[in-house]
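Scroll down for the structure; my scribbles are underneath it.
The values are calculated or read from the model by the stated rules, or taken from the named source; none is laboratory data. Here the structure is a predicted model, which means the values were calculated and not measured. Cβ coordinates were reconstructed from backbone atoms using ideal geometry, including for glycine residues, and neighbour counts include every protein chain displayed.
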Amino acid sequence: MTNLNDATSTILKDARNLLLFHREIGIDSYHLTPELASFLDSAKEKDHTSPEQIDARKIPSLPKTLAAATKNDAAPKTDLATIVEIKQEIDRCTRCRLHEKRRTIVFGEGDNKAGLLIIADHPGPDEDQTGRPFQGEAGELFDKMIGAIGLKREEVYLTSMVKCCPFEQPLQEAEIKTCLPFLLRQITSISPTVICAMGLKTAQTLTKNNKDIFKLRGRFYDFNGIPVMPTFHPQLLLKNGELKKATWLDLQMIQQKLAL
């Protein structure tokens, strides 16, 4: 009976955390899918099972966490030395103007064999200060976003297409072309199951499509055999809260793809 109580407590806690996140991003209703309707109908039925019968039930084992499902259990997919070599090479980069004002290069971090690779357009001032992707208030929102699909930042790999902060200046095509080879090598080395492109420039580059992010998001594109989901960066969501619902739908699609 204790195991049943523990499992129920865990499920209720996870459900509560997810509902709190939904409320925070503005989701206040759910579509009545056939699955949800069936569940609600069954919940209305009275359960006449006796306590003895409950104790006799075999509680099914819980499924693997999404984090575990995103990894290759058989063998590592990446050569760690390759990631180190790429980082060492780019640490000395002075190939474009962005090196002149940067404090540090934001190369990336996370699980080198992660199933989910998340790519932003470029670091911001907070990232330039710390040398880590997705920092500051946007980073806090980011953690909640991936947490809602059962992941932590150490279970995914985080990077950006351009590795130096452009500060207030817009990215130039020359800067993207300069950094792109390093990103492509990262993608090849990590070999993720899914890529999430969090930003307009990254989405356009990986999908080879010049549409705006509003038209690109909401579906998968193929990048060398890897599905790519464009979506909004958390920094944009902080300024435009109405976009959070759409982002949540994108994250759900990523979650489903990782679980396959």
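Can you tell me which of (1) part of a helix (DSSP H, G or I); (2) over 21 Å from Glu127 (Cα atoms); (3) touching a Cys at 6+ places or on another chain (Cβ under 7 Å); (4) not polar (S, T, N, Q) is the one Glu175 doesn't meet? Here Glu175 meets the rest and fails (2).
Being of a type in the set (A, V, I, L, M), in contact (Cβ under 8 Å) with a residue 40 or more places away in the chain and touching a helix residue (DSSP H, G or I) at 6+ places or on another chain (Cβ under 8 Å) is true of Val194. Residue pairs whose Cβ atoms lie under 8 Å apart, sitting 6 or more positions apart in sequence or on different chains, and linking a residue in the range 164-186 that is over 13 Å from Leu206 (Cα atoms) and of a type in the set (D, E, K, R) to a partner that is in a helix (DSSP H, G or I) and at pLDDT below 95, are Glu175/Arg97; Glu175/Leu98; Arg185/Thr82; Arg185/Ile86.
Within the range 100-149, the set of residues being in a loop (DSSP other than H, G, I, E, B), touching a strand residue (DSSP E or B) at 6+ places or on another chain (Cβ under 8 Å) and within 20 Å of Thr188 (Cα to Cα) comprises Val106, Phe107, Gly108, Asp111, Asn112, Ala114, Gly115, Asp121, His122, Pro133. Name every residue in the range 176-192 that is within 13 Å of Phe107 (Cα to Cα) and surrounded by 18 or more Cβ atoms within 10 Å (Cβ to Cβ), in order of residue number. Scanning the range 176-192 gives Cys179, Phe182, Leu183, Gln186, Ile187. Checking each residue in the range 197-225 for being touching a residue at least 12 places away in the same chain (Cβ under 8 Å) and among the polar types (S, T, N, Q) picks out Thr202, Gln204, Thr205, Thr207, Asn209, Asn224. The residues of the range 237-250 that are buried (at least 18 other Cβ atoms within 10 Å of the Cβ), closer than 21 Å to His122 by Cα and not polar (S, T, N, Q), listed by number, are Leu237, Leu243, Lys244, Asp250. Taking into account only those residues within the range 152-172 that are part of a loop (DSSP other than H, G, I, E, B) and in contact with a strand residue (DSSP E or B) (Cβ under 7 Å, 6 or more places away or on another chain), which is surrounded by the most Cβ atoms within 10 Å (Cβ to Cβ)? Going through the qualifying residues, I end up with Met161. For the range 92-137, give me each residue that is polar (S, T, N, Q) and either touching a residue at least 40 places away in the same chain (Cβ under 8 Å) or in contact with a Gly (Cβ under 7 Å, 6 or more places away or on another chain) (or both). Within the range 92-137, Thr104, Asn112 qualify.
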